[in-house]
Every structure is written in C-alpha cells, then in structure tokens.
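Asker: Encoded as structure tokens, here's the structure I'll be asking about.
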Amino acid sequence: MDRTTPIVLVPGLASSARIYAQMIPALWRFGPVMVANHIRDDSMAAIARRILSEAPPRFALAGHSMGGYIAFEIMRQAPERVVKLALINTQARPDTAEATARRRGLMERARRGELRAIREESFPELVHPSRRDDADILKLVHAQDEDVGVEGYLRQQTAIIARVDSRSTLSAIRCPTLVLTGDADNTIPNALSKEMAEGIAGARLVILDRCGHVPQPEQPEATVRALSEWLAG
C-alpha cells in the first residue's frame with residue numbers, strides 16, 4: 001500500500017519555487033512535491049482558494065514567511081485536508097500600522113521600477129550576518145524577483161497588508177505541526193515563532209543556528225533534516 005503523503009510548499013514574499021529547489025529531492029522521498037504559485041491573487045482568501053483548487057485532496061503543508069500567512073488561511077478554509085503543517089520563519093500576527101506604511105512605500109518604489117534595488121537593500125537584514133556577502137544567495141534573491149515580477153509583488157504586498165490576525169485560531173490546529181525559525185531572523189523575530197509554537201498543541205519548535213530569514217539557502221541541510229523529521233513523524 002502506498003503510504004506517501006503529497007507535500008505542498010508555499011514560498012514567501014517575492015519568492016518562487018527556486019527557494020525550495022535544492023531540498024525537493026530529499027522531500028520527494030516522502031511523497032510528490034508541489035510548490036504553490038502565490039502571485040496571481042491579491043488577497044489571502046483568494047490565494048488559499050486557488051492553491052486548494054490545485055492541491056491534492058490531502059497533503060502536508062509547509063509555508064515560509066508570507067507562505068505561513070497563506071497556510072493559516074488554508075487551515076481556516078479546509079483544515080480537514082491538511083495532515084501536517086510546517087510554519088517556517090513566519091508569524092500569526094497581522095501587520096502593524098508601521099509595517100503597513102513601510103509596505104506601501106516599498107510598493108510605490110516597485111511601481112517606479114526599483115524592485116531589484118529594494119531587494120538588494122534589504123538583503124543584509126534578510127540573512128545571518130555571516131551571509132551578508134554571500135553572492136549565491138543574493139543571486140537567488142534576484143532570480144526570484146524576476147520570477148515574481150512587479151505586478152506579482154504588488155499583489156502579494158496587498159494580500160499581506162490585509163491579512164487577519166491568526167493568533168486566535170492557533171488552538172484550533174490539530175495536525176502535527178513544526179515551527180521552524182532561525183536564531184538571527186531580523187525580518188520576523190523568532191519570539192513570534194515561539195508564540196505560535198506555544199499556541200498550537202503539541203507543536204515542535206526548531207531554531208536553527210547561524211540562520212536568518214531564509215533557512216532554505218542559509219542552512220539547507222538543517223532545514224531538510226527538520227522537514228524530513230516532520231514528514232516522517
């Protein structure tokens with residue numbers, strides 16, 4: 001009997017399937033892997049509906065950063081379809097007024113053709129200090145910018161700004177859950193990961209050493225190990 005579990009991976013803001021590329025072969029051992037396309041809609045509800053329409057009937061779900069916000073919406077719309085949940089460098093809280101104002105400023109710059117510059121400027125805060133001169137990760141960031149494009153980025157930011165507070169629904173999550181974060185995430189501090197893990201019954205919290213906001217390229221082996229243990233458990 002086939003006991004594999006399909007896996008749906010959701011990237012983050014201005015991120016594409018490339019963020020998961022080097023770990024898909026290892027995850028594929030546990031079941032067929034799908035990377036969700038989350039650039040076509042401008043609300044969390046619509047993004048989640050479209051992913052659900054394209055996903056297998058039941059699946060393990062992993063969301064990174066914005067992908068975690070989408071994962072929470074999927075859990076609200078169809079919790080019975082998610083057999084396992086992984087929340088990677090994300091949070092359950094909504095935007096603050098300050099964060100929304102900053103996003104709107106970035107959106108205006110993106111409309112003026114400055115998306116690449118925005119991403120380059122934010123790179124030192126995106127990764128662990130030891131990775132700030134990592135040309136390969138910066139190259140990956142820019143390749144994903146091209147994948148998502150300005151219009152996709154604007155739709156994503158619009159959805160993020162309007163997302164709801166998911167803290168009140170943490171206790172409703174019943175499937176085995178992994179909360180994964182980095183010890184030096186300056187984008188979404190790992191205190192917010194601890195908050196999620198404490199709110200989800202039985203959740204396992206993993207904090208990766210020497211890791212910022214993008215564990216997939218920063219600590220690929222440790223990230224694969226954590227996700228493999230989650231899938232095998």
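Asker: Please compute the length gained on full extension between residue 209 and residue 46, using 0.36 nm multiplied by the number of residues separating them and subtracting their Cα-Cα distance.
Answerer: 55.2 nm
Asker: What full-extension length gain, to one decimal in nm, is calculated for residue 28 and residue 108 as 0.36 nm per residue of separation minus the Cα-Cα distance?
Answerer: That works out to 24.9 nm of additional length.
Asker: Please give the FRET efficiency for residue 183 paired with residue 80, using the beta carbon to beta carbon distance and R0 = 30 Å, rounded to the nearest 0.05.
Answerer: In this case the efficiency is close to 0.30.
Asker: Considering only protein heavy atoms, what is the solvent-accessible area of residue 155 at a probe of 1.4 Å, reported in Å² to the nearest 10?
Answerer: 80 Å²
Asker: Ok, one more. For residue 142 and residue 228, compute 0.36 nm times the residue count separating them, minus their Cα-Cα distance, and round to one decimal in nm.
Answerer: 28.2 nm
Asker: Evaluated at 10 °C with a viscosity of 1.306 mPa s, what Stokes-Einstein diffusion coefficient in µm²/s does segment 46-173 have when Rh comes from the Kirkwood expression over alpha-carbon pairs?
Answerer: 98 µm²/s
Asker: At q = 0.16, 0.21 Å⁻¹, what log₁₀ I(q)/I(0) does segment 136-196 have when each alpha carbon counts as one equal point scatterer in the Debye sum?
Answerer: Log10 I(q)/I(0), no solvent term: -0.85, -1.09.
Asker: Helix-only estimate, please: 222 nm mean residue ellipticity of the chain, summing -39500 (n - 2.57) across DSSP H runs of length 4 or more and dividing by its residues, to the nearest 500. Write down the numbers at each step before the final one.
Answerer: Numbers: 9 runs with 109 residues, N = 233.
Calculated at 222 nm, the ellipticity per residue is -14500 deg cm²/dmol.
Asker: Hey, if we sort 96, 223 by accessible area with the 1.4 Å probe, largest down, what's the order?
Answerer: 96, 223
Asker: Which value, in Å², gives the accessible area per residue of the chain when a 1.4 Å probe is used on the protein heavy atoms?
Answerer: 45 Å²
Asker: In addition: Quick one: in segment 1-119, what % of C-alpha pairs are over 16 Å apart?
Answerer: Counting every Cα pair in segment 1-119, those more than 16 Å apart make up 63 percent.
Asker: Sticking with this structure for a sec: Only residues of segment 11-41 count here: report those whose backbone N is under 20 Å from the spot 7 Å along Cα→Cβ of residue 161, or say none.
Answerer: 12-15, 38-41
Asker: Ratio of segment 108-215's C-alpha Rg to 2.2 N^0.38 Å, to two decimals? Kindly include the intermediate steps, with their values, before the conclusion.
Answerer: Numbers: Rg = 16.2 Å, N = 108, 2.2 N^0.38 = 13.0 Å.
It is 1.24.
Asker: Compute the distribution of all C-alpha to C-alpha distances in segment 50-93, in bins of 5 Å from 0, and list the percent of pairs in each, rounded to whole numbers.
Answerer: Once binned at 5 Å, the Cα pair distances of segment 50-93 give 6, 24, 37, 23, 9, 1.
Asker: While we're on this one: According to the Kirkwood expression over distinct Cα-Cα pairs, how big is the hydrodynamic radius of the chain, in Å?
Answerer: On the way: mean 1/r = 0.0569 Å⁻¹.
17.6 Å is the Kirkwood radius here.
The values are calculated or read from the model by the stated rules, or taken from the named source; none is laboratory data. From a predicted model like this one, the values you see are computed outputs, not experimental measurements. We place every Cβ from the backbone using ideal geometry, glycine too, and count neighbours over all the protein chains shown. Just the protein is used for accessible areas: all its heavy atoms, side chains included, with ligands, DNA and RNA removed. Shrake-Rupley method; radii C 1.70, N 1.55, O 1.52, S 1.80 Å.
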